[in-house]
Structures are given as C-alpha cells and as structure tokens.
1. Residues VAL385, VAL441: which one is open to solvent by less than 60 Å² (accessible area, probe 1.4 Å), modelled with pLDDT under 90, among the β-branched types (Val, Ile, Thr) and in contact with an Asp or Glu (Cβ under 8 Å, 6 or more places away or on another chain)?
2. How many residues, within segment 2-50, are of a type in the set (Ser, Thr, Tyr) and either touching a Pro at 6+ places or on another chain (Cβ under 7 Å) or part of a strand (DSSP E or B) (or both)?
3. Run down ARG256, ARG229, ARG265, ARG235 and say which single residue is in contact with an Asp or Glu (Cβ under 8 Å, 6 or more places away or on another chain), open to solvent by 20 Å² or more (accessible area, probe 1.4 Å) and assigned to a loop (DSSP other than H, G, I, E, B).
4. Between residues in segment 302-320 that are over 14 Å from THR330 (Cα atoms) and in a helix (DSSP H, G or I) and residues that are of a type in the set (Asp, Glu) and open to solvent by less than 60 Å² (accessible area, probe 1.4 Å), which pairs lie under 8 Å by C-beta distance while being six or more apart or on different chains?
5. Checking the conditions here, which among ALA86, ALA93, ALA48, ALA58 is farther than 20 Å from ASP22 by Cα, of a type in the set (Gly, Ala, Ser) and buried (at least 19 other Cβ atoms within 10 Å of the Cβ)?
6. How many residues are surrounded by fewer than 21 Cβ atoms within 10 Å (Cβ to Cβ) and either of a type in the set (Gly, Ala, Ser) or not in a loop (DSSP other than H, G, I, E, B) (or both) when one looks only at segment 187-202?
7. Give me a count of the residues in segment 105-142 that are within 30 Å of ARG173 (Cβ to Cβ) and of a type outside the set (Phe, Trp, Tyr).
8. Is it fair to say PRO108 is touching a residue at least 60 places away in the same chain (Cβ under 8 Å) and either more than 30 Å from HIS227 (Cβ to Cβ) or not hydroxyl-bearing (Ser, Thr, Tyr) (or both)?
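The values are calculated or read from the model by the stated rules, or taken from the named source; none is laboratory data. Owing to the predicted nature of the structure, the values given are computational and were not obtained by experimental measurement. Cβ coordinates were reconstructed from backbone atoms using ideal geometry, including for glycine residues, and neighbour counts include every protein chain displayed. The accessibility values were calculated without ligands, DNA or RNA, using every heavy atom of the protein model including side chains. Shrake-Rupley method; radii C 1.70, N 1.55, O 1.52, S 1.80 Å.
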Amino acid sequence: IRVREFLMKDLYSFDADEKGLDVHYQKMFEAYQRIFTRCGLKFQVVNADTGMMGGRVAHEFMFLTEIGEDTLVFCDHCGYAANRQAARLHKPAPPAEAPRPLEKVATPGAETIAALARMLDVPESRTAKVVLFTAAVPVRSGEREAREVLVMGLVRGDMSLNETKLSHAVQARWLRPATAEAIRVAGAVPGYASPVGLAHEAMLVVVDDLVAGSPNLDTGANEAGYHLRHVNVGRDFTPDVVTDIAEADAGSPCPRCERPLRLARGVEVGNIFQLGTRYAEALGAKYLDADGQSRPIVMGSYGIGVGRLMACIAEARHDERGLRWPISVTPFDVHQVLLAGRDPDVSMKADALYETLRAAGIDVLYDDRDQSAGVKFADADLIGVPLRLTVGGCSLQQGGVELKRRDRDEVRTVPLDDAAAAAREELERLRVEAATAVRDVVYPDADAAG
C-alpha cells in the first residue's frame, strides 16, 4: 500500500546510556501497540533488519494483509516473529563425515540445483547453491571509499539466499544481480560457478555457516557442463566471510523451538530502532557525565507512517458499501443526513440539531444537499463515519430522529430533543469498545529480539 505523499510521525529519544534507551524503547513499544490496536488493525510486531538506520535492535509493526509488500515469518508454537529480511532459522548440524577426494564430473544441462541433484542422484541438501551479485563495498571496513566487486554467496542447495543478510555481510552500499559478463570476467561460468580455483582479487566469497560445516558438497566446476563433487570449505577454497545468509522459507525450522515456520504478508505501518551512538558519534553529539567525561548520546528512533496507516485502516475497516472508520481516527463523529424535501420546518429542526451537536463538542458532517435519500445514504456508507443521524419528515412523524451505527444494520428512532444525548452515549460506547479492545502488551525478551 503506497500513498502519493509520505507523512510521518517521527520521534527520537536521547539518553545517557543504554539502560535509559531500553526504558524509552519499551515505552514506545507499548504505546505503539496501543495505538495500532485502537486504530482497529490486526497487526503483528516482528523483529526487523536495522537497514539504513543502523543500530542493534529494531522492530516493525506490520498490518497483516494478503496484499502486503513485506514477507513475514512466524512460528505459531513459540511466537517467534520476524521480517523475512532478518528472520533466522534453525540449522541442524550435519553428520560428521570424512572429506572425500575432489572429483570433476560431467553434468550436461544441469544448470539448476534441482537438475544437478537429479543427475547425481543426491538430495539437494548435498549440494551448494551459488548466487552471484555485483556490489559496491568499502575499500577497507568502515571507510566511505568504495570499490565494485563480484560477490559470490553460497548456501546449501535446499535453501535460499537472503540478499539483505548478504548485503550486511559485505557492508554493501548497493547490491544487484551480476551480469553474465561480470561472472565470466571473474573466471566463473554462469550456471556452473563456484569459488574453487578462482582468484579473490576482485571477488568476495561469502559462505553460509551451514555450508561451512557441511562436508562433501557438490557444486559448480567453473566449466560449462561440469560440476565438482565432494567440495569442502577450508580444504578446496577459503571464504572471505562465514555467516548466516540463508533465508527462512515456509516450513523451515524455527530458530527458537524448531517447529515449522509459516510465511505471511504485511504492510509496515510503524517501526522503532535502537540507534545507539551511531549518529551521535558521527555528528559529535556528546555530553559531559558526572565525572566530567565526554560521552556520546545514546539515541532511539520511532516512526509511524500516517498516510500508510490511514490506507491500512481503510483496507481493514470496510465492507461492500464503503469505509467503516474506527471512532479513534474518524474524520467526523456524526454524519447528519437531512431529508427535508420541500418542508422548511424539517430543515429548521435539522439545522437546530446540528448546532446542538456542535455545541456539545460533537464533530458533525452535515449533508443538506438536494439529493435523494438513496444517494445520501449511499454516500454516508461510502464515507464511513461511525454514527449516522437522519432527520426527515417520515422520521419526525415516527417520533424523532433515526440513529444508526455504521458497523450495524439496525436503525432506531430517538426523540428529537434527546438526539444529541443519544449520540453522545453511542459515541462513548464506541470509545469504550475501542479502549477495551487494546490487548495486553508483551514486550519481547532478549531471545525474542534476536
């Protein structure tokens, strides 16, 4: 869900130490949960990649929807939840096995892991998948000057590579799929690539930690139509980085309880970051402590995408007739509909009711257009204000004013003189319902934050 103009509620916290940041971070975590619950959203808090903001901990507040732009990873058994960009998975240690001699075998047409596994009659877990990218990485760690290199990522054949994790592993400024030409320049062959026998001057080799611990894997031979059997990390090639670069898929074992993970889609409506001292150190934002020592300020960042939030509320709170705004964020409290026809007395009474409602502090959208009842009711449902009051000749003859909640079908008639009081009571009932819907806040423990 994208909006043309991006409007954000932005907040920062400034503390003397990490302990103070933890206090602010937990308060914002709890406040955000209450905000999104009162907005009527079905949402999930997930562990997140710190991304360009940096820092050591981040959480995203995700509106769950099939049209979401982010893929989320959940464990229904223990409650683990993460954005797929940052999700971990349990990796059982492979059985110990003595290294076997390296062997080059002909594999014509086996340019995919599935084809290779079929041809060699081995499970995909006995192969190493090579994924190639071009990236801009620092000339030296932490420096701004960058160089362009080929990045070769290796994961086990039955797994997928996580580009975000790979990007972090090499501190990439940008990362994109490598062209066939760039692959050949490095001495590799598209579809049959591996790090075995290649020079590392203009290439970085990043190996998933499970591949590093898996003996005798089958992978490319850097020659079209050939693969190498029994490749072992450390013996046959030396990686530049060994870390977790595997992507969690549906059915992958949970990193906490090892039960199968599931995937869902969501839209990010809010995020919170523990920035630490990254920006304070870069900008020289320091303070003097009790001992007169200069120390960097410890920062946190907390944001809500206001436009995105409104779009998600509209997506979550609607029916076939239109919107159904929650009382907490509705643009108006009451949608007053005038059905006067040519009767000036009805118009006068409706105008008087409008002024009474406004005097009582009720925000009213007054539809006094010269349109039919059908058009006005359809527009009221489309706009979705929580409460509708209809003043017309028929309703006055029946005893007063029609009162209807947008989220219910029943219509009741209240005396004209009591209409403002009845509206206040119904609005208060809606606010109580919204307040009681706020769920208990569960702040993640240290293990859940990982």
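1. Numbers: VAL385 fails: modelled with pLDDT under 90.
Just a single option satisfies the conditions, and that option is VAL441.
2. From segment 2-50, those of a type in the set (Ser, Thr, Tyr) are 12-13, 25, 32, 37, 50; that's our starting set.
From what's left, either touching a Pro at 6+ places or on another chain (Cβ under 7 Å) or part of a strand (DSSP E or B) (or both): 12-13.
Within segment 2-50, residues that are of a type in the set (Ser, Thr, Tyr) and either touching a Pro at 6+ places or on another chain (Cβ under 7 Å) or part of a strand (DSSP E or B) (or both) number 2.
3. Working: ARG229 fails: assigned to a loop (DSSP other than H, G, I, E, B); ARG265 fails: assigned to a loop (DSSP other than H, G, I, E, B); ARG235 fails: in contact with an Asp or Glu (Cβ under 8 Å, 6 or more places away or on another chain).
Answer to the selection: ARG256.
4. Taking only residues 6 or more apart or on different chains, the pairs are ARG308/GLU268.
5. Details: ALA93 fails: buried (at least 19 other Cβ atoms within 10 Å of the Cβ); ALA48 fails: farther than 20 Å from ASP22 by Cα; ALA58 fails: farther than 20 Å from ASP22 by Cα.
Residue meeting the stated conditions: ALA86.
6. Of the residues in segment 187-202, the ones surrounded by fewer than 21 Cβ atoms within 10 Å (Cβ to Cβ) are 187, 189-191, 196-202.
Going one step further and asking which of them are either of a type in the set (Gly, Ala, Ser) or not in a loop (DSSP other than H, G, I, E, B) (or both), we end up with 187, 191, 197, 199, 202.
Here the count works out to 5.
7. The initial filter retains those residues of segment 105-142 that are within 30 Å of ARG173 (Cβ to Cβ), namely 113, 128-142.
Going one step further and asking which of them are of a type outside the set (Phe, Trp, Tyr), we end up with 113, 128-132, 134-142.
So the count comes out to 15.
8. Values: touching a residue at least 60 places away in the same chain (Cβ under 8 Å): yes; either more than 30 Å from HIS227 (Cβ to Cβ) or not hydroxyl-bearing (Ser, Thr, Tyr) (or both): yes.
Spelling it out, PRO108 is indeed touching a residue at least 60 places away in the same chain (Cβ under 8 Å) and either more than 30 Å from HIS227 (Cβ to Cβ) or not hydroxyl-bearing (Ser, Thr, Tyr) (or both).
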